Amino acid sequence: QVQLVESGGGLVQAGGSLRLSCAASGRTFSNYRLGWFRQAPGKEREFVATINWMGGTFYADAVQGRFTISRDGAKNTVYLQMNSLKAEDTAVYLCTGTTASGPAQLPSTWGSWGQGTQVTVSS
């Protein structure tokens, strides 16, 4: 499996922006579907966005129009640009990847997970 390490989290005011990065190592991830989930305290892991190996993207309704997922194959890195942040976006954000098929919204579809990076949005 590919190893994933997230970075870029932090504290930001509502309306602000952050860009998360996820560096992959261990295997080439050119054929991986990549994604971001988030998990707030006491809540289930929630799908945020995914990008496939052709660059096709899909977003959760809650972030559509505010977040953008992208990937850089040369750097083995996937990004999540988050704009117009809201207090309800506060969570640990986790990078994930898989070569399997299945619904992107289900955590069980995904095989490799990073440790996560904390995003806190103050209102």
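Solvent-accessible area per residue in segment 8-81 equals 54 Å², computed with a 1.4 angstrom probe and all protein chains kept.
Dipole magnitude for segment 54-123: computed about the Cα centre from +1 point charges on Lys and Arg Cβ and -1 point charges on Asp and Glu Cβ, it is near 140 debye.
A simple charge model with +1 on the Cβ of Lys and Arg, -1 on the Cβ of Asp and Glu and nothing else charged puts the dipole of the chain at about 200 debye relative to its Cα centre. The fraction of accessible area contributed by carbon and sulfur in segment 1-120 is 49 percent, rounded to a whole number (1.4 Å probe; ligands and nucleic acids excluded). Packing, as the average of other Cβ atoms within 10 Å across residues, places the peptides 50-63, 88-101 in the order 88-101, 50-63, highest first. Taking the alpha carbon gyration tensor of the chain, multiplying each eigenvalue by 5 and rooting it gives semi-axes of 22, 14, 13 Å, largest first. Taking 7 Å steps out from each Cα toward its Cβ at GLU44 and LYS86 produces label points 2.0 nm apart. The label-point distance for ASN52 and GLN1, in a model that sets each label 7 Å from Cα toward Cβ, rounds to 2.3 nm. Gyration tensor analysis over the Cα atoms of segment 67-110 returns equivalent ellipsoid semi-axes of 21, 17, 8 Å (largest first, whole Å). Measuring from centroid to centroid over Cα atoms, what is the spacing of segment 87-123 and segment 1-16 in Å? Cα centroid to Cα centroid, the span is 10 Å.
The values are calculated or read from the model by the stated rules, or taken from the named source; none is laboratory data. Worth saying up front: this structure is predicted, and the values here are computed from it rather than measured. Neighbour counts run over all protein chains shown; Cβ positions are idealised from the backbone, glycine included. Only protein heavy atoms, including side chains, enter the accessible area calculation; ligands, DNA and RNA are left aside. Shrake-Rupley method; radii C 1.70, N 1.55, O 1.52, S 1.80 Å.
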